[in-house]
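Novice: Got a structure for you, questions after.
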Amino acid sequence: MNFEMIENLCHVHTLLSDEDIQCIKQMAVSLPGLASGSESGVDFFIDCPCRGSSEAVVVAQESALPSLYDFSTVGYIIQEDAEPAVFRSLRLGIETEEVRAVTMANTSQHFVVQTVRPIHNNGRVIGALIAEKEYRKPEHEASQEQPVLDADELALRPYLRNVDWLAGCIHDAVIITDETGIIRYRNETAARIYRDYGYINDILGMEYRKTACHGELPPNYANDTVISIRGSFYRIEQRHLTAEGCAFTVTVMHDVTAERRRTQSENIRKASIQEAHHRIKNSLNIIYSLLDMQRRRCGEEAAESLRTAMNRIISVASVYDVAGEAVPDKVSLFQTLLQIREHFNQMTAQDGRSLNITVQGTDISVDTDVSTVVALVINELLQNAYKYAFPGRKDGNVHIELNNGSLYPLLTVADDGVGFDVSSATGAGMGYRIINMLVQNNLGSQLDVRSGPEGTRVTFGFHLR
């Protein structure tokens, strides 16, 4: 037995401590005795869990000649899909008996049968002792149908009466165990799951603890914990019941594979959308910075035009800033308005004038395209107020309010400036032409503009998509 090899493999591939490795080496000492005392053709291995939970490394091997292997597998990395019994015992800390595994050995069908015992140290599982023999496919496939219960069995376990037709009506796997934990009933779905997992014998009559893939459960267990079995996912519910003086346990395994995969696909889609939002925001910020560099080299008139364009860009960037922190399909419009306020104040701070912008109302989640249009409209209204509403003043007040209207959400932007003649101005200025176009064409709404000596109030609605 090469103990130096065991130690090196454990240090390289596992997180085992020196004390754990010493326990593994002590177990390896027993392998020759196990091999000599077993039937011929049985190979013994010790596997230790790698840093990745779905891999293990073979650290020791011994055979009862003639062996299935004409080479050493020490140092090989094994996967859970190939040897499920090993990983069941490593994960749950209990033995696993007679489960089929894929092998590299020289066998006719490339399968072996494994019985696995966990190796413990200080209450932790540090490895697995594996006995492996050649798998011989039965001439006739075992029936998955529940054997007919005789009168004596039903007298002992009256809770099994009529259960077969009931469990056969549902797609879930159903397993019933008696008071000692022995499986007394399993429907065809349960039989198929365990056969596909690799159990070569029917689980009927076996101890459930030795077959369960979920470990110990508290009494009357039912929650959203999902277990994985050979690429499929199952939600477990277990009930301890009593009927006619007999205690028994019903375990139901509900297949949630399709639901889990949809969730995984949705998470990938959301992550992709968030990454796209992040990149768009970064691109807009780069454009903003380039325009700002150009603005500093221009005359006053050109600089003012560039500043207007920069405000529009940063308003759109605000939408993607909020979108990057939210559910990808929806954006918090209230948070977007707060971002616009912050960016607008930063943009105008160097001019010696300021707007006291307040944002109030109800938060509403909208699509990104709606939020983008609203952001552009709000930016244009803020720029109009900044340029024209407060002549001769160093500051002014603008109030933005977002509310759920009776038919659709409403946004109001009000200032306490000098006002203007609505009939002559709303169709003339470039700012109001842009606002009207966005509100009518993109939001399917109309502007309501009211202005007088006490200020201007603009209201528009939009439909949730």
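Novice: Scanning region 155-173 for residues that are within 31 Å of the chain's Cα centre (by Cα) and open to solvent by 10 Å² or more (accessible area, probe 1.4 Å), which turns out modelled with the highest pLDDT?
Specialist: Quick first cut of region 155-173, residues within 31 Å of the chain's Cα centre (by Cα) only: 170-173.
If we keep only those that are open to solvent by 10 Å² or more (accessible area, probe 1.4 Å) too, we end up with 170-172.
Numbers: Ile170: 79, His171: 84, Asp172: 90.
The qualifying residue modelled with the highest pLDDT is Asp172.
Novice: Right, here's the next one. Restricting to region 277-296, name every residue that is open to solvent by 40 Å² or more (accessible area, probe 1.4 Å), closer than 14 Å to Ala309 by Cβ, touching a residue at least 24 places away in the same chain (Cβ under 8 Å) and among the hydrophobic types (A, V, I, L, M, F, W, C).
Specialist: Answer for region 277-296, where residues must be open to solvent by 40 Å² or more (accessible area, probe 1.4 Å), closer than 14 Å to Ala309 by Cβ, touching a residue at least 24 places away in the same chain (Cβ under 8 Å) and among the hydrophobic types (A, V, I, L, M, F, W, C): just Ile287.
Novice: How about region 226-245: which of its residues are open to solvent by 80 Å² or more (accessible area, probe 1.4 Å) and part of a loop (DSSP other than H, G, I, E, B)?
Specialist: Arg230, Glu244
Novice: For His120, work out the one condition from (1) surrounded by fewer than 17 Cβ atoms within 10 Å (Cβ to Cβ); (2) modelled with pLDDT under 95 it doesn't fulfil.
Specialist: So the condition that His120 fails would be (2).
Novice: Identify the single condition in (1) in contact with a Leu (Cβ under 8 Å, 6 or more places away or on another chain); (2) open to solvent by less than 40 Å² (accessible area, probe 1.4 Å); (3) at pLDDT 85 or above that Gln114 does not satisfy, given that it satisfies every other one.
Specialist: Checking Gln114 against (1) in contact with a Leu (Cβ under 8 Å, 6 or more places away or on another chain); (2) open to solvent by less than 40 Å² (accessible area, probe 1.4 Å); (3) at pLDDT 85 or above, the one that fails is (1).
Novice: Continuing with the same structure: For region 174-225, enumerate the residues that are surrounded by fewer than 18 Cβ atoms within 10 Å (Cβ to Cβ), at pLDDT 90 or above, assigned to a strand (DSSP E or B) and in contact with an Asp or Glu (Cβ under 8 Å, 6 or more places away or on another chain).
Specialist: The one that is surrounded by fewer than 18 Cβ atoms within 10 Å (Cβ to Cβ), at pLDDT 90 or above, assigned to a strand (DSSP E or B) and in contact with an Asp or Glu (Cβ under 8 Å, 6 or more places away or on another chain): Ile182.
Novice: Also: Taking region 421-451, which residues are closer than 19 Å to Leu355 by Cα and at pLDDT 90 or above?
Specialist: If the condition is that a residue be closer than 19 Å to Leu355 by Cα and at pLDDT 90 or above, then Ser451 is the only one that fits.
Novice: Could you grab me the full set of residues in region 8-18 that are out of contact with any Gly (no Cβ under 8 Å at 6 or more places or on another chain), surrounded by 13 or more Cβ atoms within 10 Å (Cβ to Cβ) and over 16 Å from Asn121 (Cα atoms)?
Specialist: Asn8, His13
Novice: Moving on. Just to be sure before I move on: is Glu134 modelled with pLDDT of 90 or more and open to solvent by 50 Å² or more (accessible area, probe 1.4 Å) in the structure I sent?
Specialist: no
Novice: Let me spell it out: the conditions are (1) touching a Phe, Trp or Tyr at 6+ places or on another chain (Cβ under 7 Å); (2) of a type outside the set (D, E, K, R); (3) surrounded by fewer than 19 Cβ atoms within 10 Å (Cβ to Cβ), and Ala35 meets all of them except one. Which number is the exception?
Specialist: Of (1) touching a Phe, Trp or Tyr at 6+ places or on another chain (Cβ under 7 Å); (2) of a type outside the set (D, E, K, R); (3) surrounded by fewer than 19 Cβ atoms within 10 Å (Cβ to Cβ), only one is false for Ala35: (3).
Novice: Considering only residues of region 311-348 that are of a type in the set (A, V, I, L, M, F, W, C) and modelled with pLDDT of 80 or more, which is surrounded by the fewest Cβ atoms within 10 Å (Cβ to Cβ)?
Specialist: The extreme case among them is Leu338.
Novice: Find the residue count for region 89-106, including only residues that are more than 12 Å from Pro49 (Cβ to Cβ) and open to solvent by less than 10 Å² (accessible area, probe 1.4 Å).
Specialist: 4
Novice: With β-branched (Val, Ile, Thr) and in contact with an Asp or Glu (Cβ under 9 Å, 6 or more places away or on another chain) as the only criterion, which of Val59, Val74 stands out?
Specialist: Checking each option against the conditions leaves just Val59.
The values are calculated or read from the model by the stated rules, or taken from the named source; none is laboratory data. Just so we're clear, the structure is a prediction, and the values are computed from it rather than from any experiment. Heads up, the Cβs are rebuilt from the backbone with ideal geometry, glycines too, and the neighbour counts pull from every protein chain shown. For accessibility, only protein heavy atoms count, side chains too; no ligands or nucleic acids. Shrake-Rupley method; radii C 1.70, N 1.55, O 1.52, S 1.80 Å.
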